[in-house]
Amino acid sequence: MKKDERVDAYIARQADFARPILIHLRETVHAACPACDETLKWSMPSFLYRGKILAGMAAFKGHATFGFWGHAEVAGDAAKGGGMGQFGRLNSVADLPPPSDLQDMIAKVMERIDAGGTKRPKKPAKPPPAMPADLKAALAGNADAHATFSSFPPSAQKEYLEWITEAKRPETRAKRLAQAVDWMAEGKRRNWKYENC
């Protein structure tokens, strides 16, 4: 266990309501994970286990927070949300689960880190918008633009599709459609202006 003097200083300068919460959390984490180290990440106290962030805590003007980095689901039914971290806005130690429950959650996160599960789960990819009829017709009328669009990877196709379908006014959509066909006829991606920045 490696304590960090900067965490002591952080706790000392917090509001009267927050200090007991932060001290309690710090003691609970160290009791559950004697091998953890402390540091500051994003100017807030964080606990590291085997070099990976286990959890973090912070205090603000009207509340404190605590959360497991990348393992929010371990809080289960105890999760409250409504603020940063898994337990919502903390105004007193009573807002936290009992120490034994917190220690069980910390043990679960440690097991996941030991097993190599330290990455946040990826959000499922949003499917690209369907090919709008007006773009399909415009591409059918321009062989070069059609060939370019067909050769693009899905991400480049999606950029054009979203740009056109997200237009709010019909005249904006028509302008974007014409511009897209011109650029694709020249072999250009949607954001071609920024490719060499």
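Each reported figure results from applying straightforward, stated rules to the coordinates on display, with no laboratory input. This one's a predicted model, so the numbers in the text were calculated from it and none came from an experiment. Don't worry about glycine lacking a Cβ; one is built from the backbone with ideal geometry, like all the others, and counts go over all protein chains shown.
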### Message
Ranking request for peptides 136-145, 176-185, 52-61, 96-105: highest mean number of other beta-carbon atoms within 10 Å first, then the rest in descending order.
### Response
52-61, 176-185, 96-105, 136-145
#### Entry: Radius 14 Å from Cβ of D182, net charge of other residues (Lys, Arg +1; Asp, Glu -1)
+4
### Query
Expressed as a fraction of 2.2 N^0.38 Å, the rule-of-thumb size for a compact globular protein of N residues, what is the C-alpha radius of gyration of the chain?
1.56
### Task
Give the Rg/Rh ratio for segment 133-192, taking Rg as the radius of gyration of the Cα atoms and Rh as the Kirkwood radius, to two decimals.
0.93
### Query
How large is ³J(HN,Hα) for each residue in segment 94-110, as worked out from phi by the Karplus curve 6.51 cos²θ - 1.76 cosθ + 1.60 (θ = phi - 60°), to whole Hz, x for Gly and Pro?
5, 6, 8, x, x, x, 5, 5, 4, 5, 5, 5, 4, 4, 5, 5, 4
### Query
Nearest 10 degrees, 0 to 90: what angle lies between the long axis of helix 170-185 and the longest principal axis of the chain (Cα atoms)?
80 degrees
### Query
Pick from T172, T65, T39: which is most flexible by mean-square fluctuation in a GNM of the chain where alpha carbon atoms under 10 Å apart are linked?
T172
### Query
What aspartates and glutamates sit close enough to K188 to cross-link, taking a C-alpha to C-alpha distance under 18 Å and skipping anything fewer than 8 places away on the same chain?
D144, E159, E162
## Note on the structure
With the 8 Å Cα cutoff and a minimum separation of six or more residues, segment 133-192 has a relative contact order in percent of 49 percent
### Task
Provide the net charge surrounding S155, with neighbours chosen by a C-beta distance below 11 Å and charges set as Lys +1, Arg +1, Asp -1, Glu -1.
+1
### Query
Which GluC sites (Glu not before Pro) from segment 150-197 combine a DSSP loop assignment with at most 15 other Cβ atoms within 10 Å?
E166, E186, E195
### Message
With an 8 Å Cα cut-off and a minimum separation of 6 or more residues, compute the relative contact order for the chain in percent.
### Response
15 percent
